[in-house]
1. Would you mind stating whether residue 123 is surrounded by 10 or more Cβ atoms within 10 Å (Cβ to Cβ), modelled with pLDDT under 75 and in contact with a strand residue (DSSP E or B) (Cβ under 7 Å, 6 or more places away or on another chain)?
2. Considering only segment 64-83, how many residues are in contact (Cβ under 8 Å) with a residue 24 or more places away in the chain, of a type in the set (S, T, N, Q) and surrounded by fewer than 16 Cβ atoms within 10 Å (Cβ to Cβ)?
3. Take segment 84-97 and flag every residue that is closer than 19 Å to residue 142 by Cβ and open to solvent by 40 Å² or more (accessible area, probe 1.4 Å).
4. Just one of 18, 61 is without any contact (Cβ under 8 Å) to a residue 40 or more places away in the chain and surrounded by fewer than 20 Cβ atoms within 10 Å (Cβ to Cβ); which is it?
5. Six or more apart or on different chains, Cβ under 9 Å: which pairs go from a residue in segment 136-159 that's surrounded by fewer than 14 Cβ atoms within 10 Å (Cβ to Cβ) to one that's in a helix (DSSP H, G or I)? Could you list them?
6. Looking only at residues in segment 1-47 that are assigned to a loop (DSSP other than H, G, I, E, B) and basic (Lys, Arg), which one is modelled with the lowest pLDDT?
7. Sort out which residues of segment 50-82 are hydrophobic (A, V, I, L, M, F, W, C) and over 11 Å from residue 93 (Cα atoms), and write them in order of number.
Amino acid sequence: PEMKEFNPRHILSYLKLIFGSVIDKNSLKLLFYAHENTPKVIYHDMERIKQVLANLMSNSIKYTKKGIISAVIDWEQDKNDPNNGVIQFSVSDTGCGISKQRRDNLFNFLDPDKVKDQKTGNKDASITTNLAGTGLGISQNIAIALDSRIEFTSSVGTGSKFWFKLKLNGLAHTHEEELILKKKRQNFQLTQKIKHILSRTIH
């Protein structure tokens with residue numbers, strides 16, 4: 001994993017930039033929202049998170065002809081340590097939904113030989129035809145590499161919601177906390193400059 005500090009809201013901006021111009025805005029609306037308590041800075045693999053969410057967004061767009069698709073970030077802070085917590089990324093849609101008989105195969109479709117009809121045990125052509133190319137299998141593998149797993153809930157004719165959670169330790173700040181830290185860093189840098197100037201003056 002390529003770990004680095006970043007603002008998770010930048011991922012929403014990325015998704016908006018990528019998908020905002022490819023939808024039919026007359027029938028489909030995209031919403032992007034990070035809850036106000038979401039940390040301004042986290043330390044994780046930004047590129048892999050972006051890849052998973054982009055795949056989930058692409059999948060929702062493919063199966064949602066009209067309505068709303070939303071990408072949301074939630075944050076649950078650790079009650080014992082404000083620097084720790086769980087961040088959740090989710091994508092919801094008002095698409096066709098996923099029937100119960102197809103849910104067990106949802107993340108295996110990338111290998112057609114693994115997609116079997118539960119009654120006959122034979123290859124289910126309808127599943128591979130309808131689901132091929134959505135990238136859910138790849139997304140699940142990436143999520144597992146991030147020590148997470150994609151979960152989902154769905155209702156036929158109503159829509160679906162996919163999400164994954166990441167545990168964060170040691171670096172997670174709210175907007176207000178980040179402003180305070182930024183001020184402290186600036187004060188520290190100013191103090192160091194003053195010390196440097198004074199030392200040169202004395203010598």
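The values are calculated or read from the model by the stated rules, or taken from the named source; none is laboratory data. Model, not experiment: these values are computed from the prediction. Glycine also receives a Cβ, built like all others from the backbone with ideal geometry; neighbour counts cover every protein chain displayed. Please note that ligands, DNA and RNA were not included when accessible areas were found on the heavy atoms of the full protein model with its side chains. Shrake-Rupley method; radii C 1.70, N 1.55, O 1.52, S 1.80 Å.
1. yes
2. 1
3. Result: 86, single match.
4. After applying the criteria, what remains is 18.
5. Once the first residue is surrounded by fewer than 14 Cβ atoms within 10 Å (Cβ to Cβ) and sits in segment 136-159, its partners that are in a helix (DSSP H, G or I) give 145/48; 149/140; 149/143; 156/100.
6. 25
7. If the condition is that a residue be hydrophobic (A, V, I, L, M, F, W, C) and over 11 Å from residue 93 (Cα atoms), then 52, 53, 54, 72, 73, 75 are the ones that fit.
Yes/no per residue for (1) touching a Cys at 6+ places or on another chain (Cβ under 9 Å); (2) open to solvent by 20 Å² or more (accessible area, probe 1.4 Å); (3) not aromatic (Phe, Trp, Tyr):
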residue	(1), (2), (3)
10	no, yes, yes
23	no, yes, yes
36	no, yes, yes
43	no, yes, no
53	no, no, yes
